[in-house]
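Just so it is clear, none of the values below were taken in a lab; they were calculated from the coordinates. Bear in mind that the values here come from a model prediction, so they are computed numbers and not experimental data. Reconstructed Cβ throughout: ideal geometry from the backbone, glycine too, with neighbour counts over all protein chains shown.
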Amino acid sequence: MLFVLAVGVVPWSVQTFSSGSATLLFSWGLVTPSTVSLTTITDFLFRFTMGLPDYILLWPLGVVFYLVALASVLSGVLFGREDTRLTAASLVLAGVTQFELARGFSVQPDRTAWPVGTVLLWAVAGYLYWSHRAETDR
């Protein structure tokens, strides 16, 4: 459970610009340290999505997949009924959305996105899946 919670608080994507500034994309919002600004995911969804490219809308979809994984883990903690396959698959899909977001962002001039979240989400998914397989093979 700690791994799934931890992946929700680290940046999922680090977007850098040729000017030297960066934006950190978390599951809960965007942080731009150079201007000390914060945009929550709810502000992003309900105030700033008009006219944005489709690849940016993959970020909230990834958050939905992450919330499914988190709900699966919580059901295991609270009720003893977690489906590790659902948790792992949801984390993998969240990672795919963040990879595509980073790819879409990086094809623009003077911008690069580092899909940190993809690596972390996939690593946690792999750990959960293979740990579960090792337990069930005994």
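Structure notes:
- Karplus-derived HN-Hα couplings along the range 78-86 (A = 6.51, B = -1.76, C = 1.60, θ = phi - 60°), whole Hz, x at Gly and Pro: 7, 10, x, 10, 9, 9, 4, 5, 5
- For the range 62-74, backbone phi angles converted through the Karplus equation (6.51, -1.76, 1.60; θ = phi - 60°) give residue-by-residue couplings of x, 5, 4, 4, 4, 5, 4, 4, 5, 4, 5, 5, 5 Hz, Gly and Pro being listed as x.
- Choice from ARG103, ARG47, ARG85 showing the highest fluctuation, given a GNM over the chain with Cα pairs closer than 10 Å: ARG47
- Here SER34 and THR112 are evaluated by their C-beta separation; at R0 = 25 Å the FRET efficiency comes out at 0.95.
- Amide H to amide H, with H built 1.01 Å from N, TRP114 comes under 5 Å of VAL14, GLN15, THR16, counting only residues 5 or more places away or on other chains.
- For the range 77-138 versus the range 11-69, the gap between their alpha-carbon centres in whole angstrom: 18 Å
- In this structure, the amide hydrogen of PHE26, modeled 1.01 Å from its nitrogen in the peptide plane, lies closer than 5 angstrom to those of TRP12, VAL31, counting only residues at least 5 positions away or on a different chain.
- R0 of 35 Å, Cβ-Cβ distance PHE46-SER19: FRET efficiency to nearest 0.05: 0.80
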